[in-house]
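These notes are about the structure you will find just below.
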Amino acid sequence: MSGHILEIQNLRTDFSIAGGIVRAVRGIDLFVDRGEFLGVVGESGCGKSVTMLSVMRLLSENATVRADRLAFDGRDLLRLDHKKMRRMLGDEIGMIFQDPMTSLDPLYTIGNQIMEPLKIHRKMSGHEARKRAVEMLDLVGIPSPEQRLKQYPHEFSGGMRQRVMIAIAMSCNPKLLIADEPTTALDVTIQAQILELMKDMQEKFSAATLLITHDLGVIASTCSRVVVMYGGLIMESGDVEDIFYRPAHPYTIGLLSSISDAADTGKKKLSPIPGSPPDLMNPPRGCPFTARCDFAMRICAASRPALAETVPGSGHGVACWLRDTRAKLDGTGVTAR
Ligand SMILES: Nc1ncnc2c1ncn2[C@@H]1O[C@H](COP(=O)(O)OP(=O)(O)O)[C@@H](O)[C@H]1O
Ligand SMILES: [Mg+2]
């Protein structure tokens with residue numbers, strides 16, 4: 001069986017809205033290896049969540065999802081019916097979202113919410129599920145798990161609720177955990193604890209983890225490989241060292257200089273990238289970063305650069321005309337502004 005637990009080829013997701021069509025994801029190739037910790041990073045609105053929700057088919061009715069291939073654990077997701085997909089979620093694929101309060105049901109106890117999927121997916125008896133729930137709460141660092149099982153979500157702090165979400169997501173021993181901005185709503189100290197817990201769980205359960213975040217700082221402490229998204233496309237991908245020490249795309253370099261450092265008390269002056277992301281109702285023809293890029297050439301606006309490896313076989317991919325010698329040779333490599 002291939003090393004990839006998740007494979008995405010040429011994913012395109014559109015939304016029909018009153019004013020037209022939002023081209024949220026515009027041709028993405030991505031894979032997650034078994035057991036690896038992959039980070040997907042990019043500013044808000046660049047298509048990170050839509051990419052993952054497309055894979056899990058959790059999008060609203062106005063969405064159209066197309067792809068050359070979507071496969072989980074070797075199975076073709078494009079052919080899977082809705083029922084089978086639902087069964088896979090929460091069982092083989094665990095999910096954690098930004099706001100645990102919206103994912104947890106306020107009307108049911110925490111115990112109920114951990115036990116339910118175990119009864120459904122793992123066919124556990126009430127007694128077995130309860131035992132497992134206590135174990136899981138203990139594992140994610142919730143003190144007095146027996147008592148905590150009987151409590152409701154509002155009786156937990158934000159960080160504790162996210163721990164509960166992790167317990168739920170991991171309880172069925174998923175092959176893939178998808179975490180979408182899991183620490184964004186938390187303060188920095190709690191954020192670091194939750195990331196550490198996720199890393200811990202990934203190792204303990206050997207589950208592949210896909211972490212979506214707008215914050216490169218979060219990536220540095222957890223991920224081994226990184227995909228950088230912008231304007232519904234992938235700008236750069238590679239090992240965490242490639243991205244942090246040898247960034248090749250001006251967008252990645254811009255993100256790195258605007259990074260927030262948890263250990264930093266705000267003394268360092270952050271320099272966010274000037275300008276704003278493109279309007280995905282009228283996406284740019286060429287590289288979506290052209291309008292904000294200090295190095296933009298005429299060809300950047302005219303046509304989309306392919307994602308190509310910086311060094312063949314390195315796994316470090318960059319979609320940028322600056323890396324393409326043809327751009328300079330054919331006379332189009334003239335700085336645009
Ligand atoms: N249900 C929807 N209807 C219309 N547009 C949407 C919908 N969901 C997301 N979008 C648009 O798709 C783009 C990508 O969104 P998203 O994937 O949520 O970004 P992020 O990278 O912040 O997770 C944004 O322009 C967003 O406005
Ligand atoms: Mg998002």
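The values are calculated or read from the model by the stated rules, or taken from the named source; none is laboratory data. Every value quoted in this text rests on a predicted model; they were computed, and no experiment measured them. All Cβ positions, glycine included, derive from the backbone under ideal geometry; neighbour counts span all protein chains shown.
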Exercise. Taking residue 168, is it touching a helix residue (DSSP H, G or I) at 6+ places or on another chain (Cβ under 7 Å) and either surrounded by 20 or more Cβ atoms within 10 Å (Cβ to Cβ) or assigned to a helix (DSSP H, G or I) (or both)?
Worked result: yes
Exercise. Do we have any residue at all in region 73-94 that's more than 11 Å from ligand 1 (Cβ to nearest atom) and within 15 Å of the chain's Cα centre (by Cα)?
Worked result: yes
Exercise. Which residues, taken from region 171-196, are away from ligand 1 (no atom under 16 Å from the Cβ), farther than 13 Å from residue 114 by Cβ and not in a helix (DSSP H, G or I)?
Worked result: 173, 174, 175, 176, 177, 186, 187
For this session: Would you be able to say whether some residue in region 40-55 is over 13 Å from the mean Cα position of the chain (by Cα) and of a type outside the set (A, V, I, L, M)?
Result: no
Exercise. Among all residue pairs at least 6 apart or on different chains, which show Cβ distances below 6 Å where the first residue, located in region 72-101, is without any contact (Cβ under 8 Å) to a residue 40 or more places away in the chain and the second is of a type outside the set (D, E, K, R) and away from ligand 2 (no atom under 16 Å from the Cβ)?
Worked result: 77/70; 78/70
Exercise. What helices (runs of 4 or more DSSP H) lie completely within region 52-125 and have 3 or more residues being in contact with a helix residue (DSSP H, G or I) (Cβ under 9 Å, 6 or more places away or on another chain) and closer than 26 Å to residue 159 by Cβ?
Worked result: 100-103, 110-122
Problem set entry | Yes/no for residue 192 being within 16 Å of ligand 2 (Cβ to nearest atom) and of a type outside the set (Val, Ile, Thr) | no
Exercise. hydroxyl-bearing (Ser, Thr, Tyr), at pLDDT 95 or above, crowded, with 19+ Cβ neighbours inside 10 Å and under 15 Å from the mean Cα position of the chain (by Cα), is that true of residue 183?
Worked result: no
